Amino acid sequence: MPLSAQGESDERSVGAARERSAGRVVLEARGITKRFGTVVANDHIDLTVRAGELHAVLGENGAGKTTLMRILFGELQPDEGEIYLDGQRVRFRSPRDALRHGIGMVHQERKLIPAHTALENIILGHPKTGAILNLREAEREVSALCERYGFRVPLHAKVWQLSEGEKQIVEILKELYHGARILILDEPTSVLSPPEIVKLLESLTRMAKEDLAVIPFITHKLPVVLEHCDRVTILRRGRVVAEMETRHATEQTLAAAMVGREVVLQLERVEVPLGDPIVRVQDLWVRDDRGLFAVQGLSFEIRAGEILGIAGVAGNGQEPLAEALAGLRPVERGTITLDSIDITHAPVLERWRRGLGYIPTERREVGSIPTFSLVDNVLLNYHFEREFSRWGILASGQARELTERILREYSVVAAGPNAPARSLSGGNLQKVILGRVLSRKPRFLIACLPTHGLDVGAAEFVQRKILEAKQSGTAVLLISEDLDEILALSDRIAAIYEGQFTGIVPASEASKELVGELMAGLRRERV
């Protein structure tokens, strides 16, 4: 049941949103078309948004959502089509122009200044912040917005001190303070913990009740759409393929409309006999880029055929942990063993040769070289093997054959093995990285946010491949900020908060409520 662990009180509050009557049409897009060369990103898209509603726009990666939102926000100009605001035709020449007309947008990537306070970020760029700034008056106005919509954020704290949920609130408050009455949100729940998701959506519902319109653009959080949104428009390959009230929809119907086929939303975790421990980590301490301890005394082991899921909100030590295990970050103290061999200070190449596979969080910046061909990107994990390199000369035939096999077996949409990595969508590039790593049949797989930002179809494929690796006896460390994914795939779940485990629980005993509280540091279990 979607988001069932949020409790009956949350379900009742969400149900109130269903009872809101349809408001007046505040934003209408008619026949929006946008081409990039021969590619049609938006193909005569119609979208109607009413005051007082949460109207979700769904679609796969590459479906045209980003292009559409950039047009609505004035970042791009449509080749064809018209935009109407309160029944009047408008043309936005810039985001500032759109905001003057009452349209605000919160991007998935934060656009805040970390060294400034939350309040300073909110008021930055507002006409009131002219030659003379009345900071006290600005604080009163922002505090009134917080009170009105149920937001809680320390206004005088520096942005770098805030949680991801608080940063999201700062972004929203900034748009509201600048006069937005139609709010576009790009993947608003992608990096939030379950409690933060609940609080955010409660606030968005209150905003809708105040006659504001909220448009969340979402890739794969279908339970959020069903429980909190009133209507949904679904895009596929640049076209609108469905529009419906969410009370008439299910996760399956939404996913099938997005992808164009039936999608398995809940993969069954296959039970396999666990083997001996493959990896052991004992009292691990790792510093971050600031020199502070991001990982503090972690100890765990993973057996053959087991998936240990690390559940946590971004910035709680997951990435430094993965980098230390992969050999990309030094270990301050503690030990890491792989098949009883100490690899604590071993170089990356030795770890690969011993059977460690690594899927990094950043698929473009770390997992690939954008300007290199797919063949060369696959060789990043194979260049040291005698079959692919002898006497310093690469075996181009074998490399191309391997790449073609990965493209075929992993259903990668690409112009061919010589296509540059930058030409692939995020989902297709992730499939190439996954195929490159899994084709080596690793003993120990580190998978960091493997489905982050992917649509439901690509996410299903990646998850299935991880389960296949588990079945073959691979020990898997799964790091994910998607609690549904952690619960679906993991055999055991370790919740991490501020670099420490707050609990390690078997998947059979885990619930969203329990793990969500552990992730947020609200409770601790014996580790």
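Considering Pro127, Pro154, which residue is over 26 Å from Leu222 (Cβ atoms) and at pLDDT below 90?
After ruling out the rest, the residue left standing is Pro127.
Looking at (1) outside any strand (DSSP E or B); (2) surrounded by fewer than 20 Cβ atoms within 10 Å (Cβ to Cβ), which is the only condition Ala255 fails?
Checking Ala255 against (1) outside any strand (DSSP E or B); (2) surrounded by fewer than 20 Cβ atoms within 10 Å (Cβ to Cβ), the one that fails is (2).
Condition first: assigned to a loop (DSSP other than H, G, I, E, B) and at pLDDT below 90. Now tell me which residues in region 417-432 satisfy that.
Once the filter is applied, which keeps residues that are assigned to a loop (DSSP other than H, G, I, E, B) and at pLDDT below 90, region 417-432 yields Leu424, Ser425.
Can you confirm whether Gly457 is within 19 Å of Met258 (Cβ to Cβ) and either outside the structural domain of Lys65 (by TED's automatic domain parsing) or touching a helix residue (DSSP H, G or I) at 6+ places or on another chain (Cβ under 6 Å) (or both)?
Yes, satisfied.
Being assigned to a helix (DSSP H, G or I), at pLDDT below 90 and of a type in the set (Gly, Ala, Ser) is true for just one of Gly521, Gly435, Gly457, Gly453. Which residue is that?
Gly457
Please go through region 497-515 and pick out each residue that is assigned to a strand (DSSP E or B) and within 17 Å of Ser163 (Cα to Cα).
Residues satisfying the conditions are Tyr497, Gln500.
Restricting to region 139-162, what's the tally of residues that are more than 23 Å from Val214 (Cα to Cα) and touching a residue at least 24 places away in the same chain (Cβ under 8 Å)?
Within region 139-162, residues that are more than 23 Å from Val214 (Cα to Cα) and touching a residue at least 24 places away in the same chain (Cβ under 8 Å) number 8.
Hey, could you check region 352-374 for residues that are assigned to a helix (DSSP H, G or I) and crowded, with 20+ Cβ neighbours inside 10 Å and say which is nearest to the chain's Cα centre (by Cα)?
Leu374
Please find, among Leu407, Leu379, Leu402, Leu394, the residue that is surrounded by 14 or more Cβ atoms within 10 Å (Cβ to Cβ), assigned by TED's automatic domain parsing to the domain that holds Phe444, in contact with a strand residue (DSSP E or B) (Cβ under 8 Å, 6 or more places away or on another chain) and not aromatic (Phe, Trp, Tyr).
Leu379
Would you be able to say whether some residue in region 101-115 is closer than 25 Å to His44 by Cα and among the small types (Gly, Ala, Ser)?
Looking for residues that are closer than 25 Å to His44 by Cα and among the small types (Gly, Ala, Ser), one finds at least one in region 101-115, hence yes.
Does Asp46 satisfy the condition of being in the same structural domain as Val241 (by TED's automatic domain parsing) and part of a helix (DSSP H, G or I)?
Considered against the rule, which asks whether it is in the same structural domain as Val241 (by TED's automatic domain parsing) and part of a helix (DSSP H, G or I), Asp46 comes out as no.
Report yes if Thr335 is surrounded by 13 or more Cβ atoms within 10 Å (Cβ to Cβ), within 24 Å of Phe293 (Cβ to Cβ), polar (S, T, N, Q) and in the same structural domain as Glu301 (by TED's automatic domain parsing), otherwise no.
yes
Do we have any residue at all in region 381-398 that's among the hydrophobic types (A, V, I, L, M, F, W, C) and assigned to a helix (DSSP H, G or I)?
No, that holds for no residue.
Can you give me the number of residues within region 146-173 that are under 15 Å from Met207 (Cα atoms) and surrounded by fewer than 16 Cβ atoms within 10 Å (Cβ to Cβ)?
Total meeting the criteria: 4.
The values are calculated or read from the model by the stated rules, or taken from the named source; none is laboratory data. Quick caveat, the model's predicted, so the values are computed rather than measured. Quick reminder, even Gly has a Cβ in these numbers, built from the backbone with ideal geometry, and neighbours come from all protein chains shown.
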